[in-house]
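The values are calculated or read from the model by the stated rules, or taken from the named source; none is laboratory data. All of these numbers come straight from a predicted model, not from anything done at the bench. Cβ sites come from the backbone with ideal geometry, for glycine too, and all protein chains shown count toward neighbours.
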Amino acid sequence: MKGASRQSAANVVTLLYEIIDKPGSYLEDPKWTLMLATQRSLAEFTCSELEIYGCSLNTFKKLMSTTVGVGFHGVNALRARARSAIEGTKKKESSRKISSRRNYVAQINELKLQIQEQNTCYQQLVVVISKLKVLAKDLALNESIVSRRHYWEKESKDIDMLVLYGRSKDDEKMGKAP
């Protein structure tokens, strides 16, 4: 269930970015507006086609804080922006100028959130590549390894945990959070 929940969290963030980018395509169905109404409605939203599964608000907060780079507050800000985008498209009238300072600040904040999320993904990728390099070096040079296949399978499982869940078995043993 944890893998599905983490994937679901990533899918929620992807959906929010899609709604922000193309709000017009989400006007037809009122479920999108209802989903974006509150934090609770976003947490409880379920859509099996998009592999998004609902949960309680507290579980959602914890999951978003530990899974996505922007954290729960960033996801909540994305929810609010997505809701504003849909409502703004409905009204077709913007009260703000396109080149206003408020719009520039909003764009800067959006870009900062995207950079933060990409930075987290990049850091996880660097850790995975480093572990793969160490594994390859050990398999090639360490003659004291009795069963190379067993060692490779054990390390591969650890790398898979790191890719899927954002943490390795060593982190879990030490009690580290991702």
Long-range neighbours under 6 Å by Cβ, at least six apart or interchain, first residue closer than 16 Å to residue 17 by Cβ and at pLDDT below 85 within the range 72-91, second buried (at least 19 other Cβ atoms within 10 Å of the Cβ) and of a type in the set (Val, Ile, Thr): none
Among 54, 24, 71, the single one that is at positive phi and small (Gly, Ala, Ser) is 71
Test result for residue 128, within 20 Å of the chain's Cα centre (by Cα), closer than 16 Å to residue 12 by Cβ and not small (Gly, Ala, Ser): no
So, residue 34, is that one at pLDDT below 85, in contact with a Ser or Thr (Cβ under 7 Å, 6 or more places away or on another chain) and not assigned by TED's automatic domain parsing to the domain that holds residue 163 or not? no
Test: residue in the range 101-112 that is touching a residue at least 12 places away in the same chain (Cβ under 8 Å), surrounded by 12 or more Cβ atoms within 10 Å (Cβ to Cβ) and assigned by TED's automatic domain parsing to the domain that holds residue 6: no
If a residue has to be over 24 Å from residue 110 (Cα atoms) and either outside the structural domain of residue 22 (by TED's automatic domain parsing) or surrounded by fewer than 17 Cβ atoms within 10 Å (Cβ to Cβ) (or both) to count, how many in the range 55-78 make the cut? 3
Hey, among the residues in the range 12-29 that are surrounded by fewer than 16 Cβ atoms within 10 Å (Cβ to Cβ) and modelled with pLDDT of 85 or more, which one's nearest to residue 57 (Cα to Cα)? 14
